[in-house]
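Accompanying notes for the structure given below.
Please treat every number below as a calculation from the coordinates, not as lab data. The structure displayed is predicted, hence computed values, not measured ones.
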Ligand SMILES: NC(=O)c1ccc[n+]([C@@H]2O[C@H](COP(=O)([O-])OP(=O)(O)OC[C@H]3O[C@@H](n4cnc5c(N)ncnc54)[C@H](OP(=O)(O)O)[C@@H]3O)[C@@H](O)[C@H]2O)c1
């Protein structure tokens, strides 16, 4: 069974998801300019995922909101240092200590088909381990100059295919990319002197 790990995130034009101190005032100010009823596809995306996996940095920010925003949706908080989830949160919120590979294995055991990966560092570690399937990035027309980056160092290039891109009248630009897997089929084969018949040809 295939598990899809999707990213759905907003960044400044210079690639930051939060200021250095974690604040997202610039994003909240931008969201305040969005016409009522427009959510840039967020509700549909949330409805399409079985669970949300977030780094502890994102969890910390979400805890500062007045209300828990994810309802009964399973949320897995990934941390090496947190010891517990506050008791007032829904029972579907779980604390995990694991690598991206261990987390995706657990999701597959649960029968999940699509995970929402959230938080810059966590997204980077899933990308590094080749486990992100799709990214939807909404670019907010602001430059922050510094902050917490969406992307970071990679051991190798991650090739992407553009699935869709749209601009909104209020200045956001949203692009969805599929990660192109480095499979043998996508790697060009060197020419050979005598071409061999395709594998599916009856012999
Ligand atoms: N612009 C947006 O749409 C958007 C979306 C999401 C979040 N944000 C903002 O981004 C900030 C959080 O992002 P962030 O990049 O600082 O942190 P993050 O990815 O949410 O969390 C990172 C932390 O998770 C823990 N962790 C456990 N396993 C990990 C692994 N395999 N890889 C990476 N981290 C792992 C580590 O802390 P411990 O092990 O010590 O717990 C790590 O420091 C918040 O300010 C939030 O508001 C913005």
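How big is the equivalent ellipsoid of the chain along its three axes, where each semi-axis is √(5λ) from the Cα gyration tensor, reported in whole Å from largest to smallest? Mind showing how you got there, number by number?
On the way: eigenvalues 222, 104, 55 Å².
Over the Cα atoms of the chain, the ellipsoid semi-axes are 33, 23, 17 Å.
Which one of 99, 139, 81 has the biggest mean-square fluctuation once the chain is modelled by GNM with Cα springs under 10 Å?
The residue that fluctuates most here is 81.
Quick one: length gained pulling residue 83 to residue 146 fully straight, 0.36 nm per residue minus the C-alpha distance?
Numbers: separation 63, 0.36 × 63 = 22.68 nm, distance 3.05 nm.
So the extension gain works out to 19.6 nm.
Could you pull the Rg and Dmax for the range 1-113, using just the Cα atoms, both in Å?
Rg then Dmax for the range 1-113, in Å: 15.2, 42.
Pick out which of 36, 86, 74 has the largest mean-square fluctuation in a Gaussian network model of the chain, springs linking Cα atoms closer than 10 Å.
Highest fluctuation of the listed residues: 36.
Just want to confirm a number: the relative contact order over the range 1-84, from Cα pairs under 8 angstrom separated by 6+ residues, in percent. Spell out each step's value before the answer.
Values: 39 pairs, mean separation 20.8, N = 84.
Value for the range 1-84: 25 percent.
Can you give the relative contact order of the chain as a percent, counting alpha carbon pairs under 8 Å and 6+ residues apart? Spell out each step's value before the answer.
Working: 309 pairs, mean separation 62.7, N = 203.
After rounding, I find 31 percent.
Can you tell me the relative contact order of the range 66-118? Whole percent, Cα pairs under 8 Å, sequence separation 6 or more.
Numbers: 38 pairs, mean separation 16.2, N = 53.
It comes to 31 percent, rounded to a whole number.
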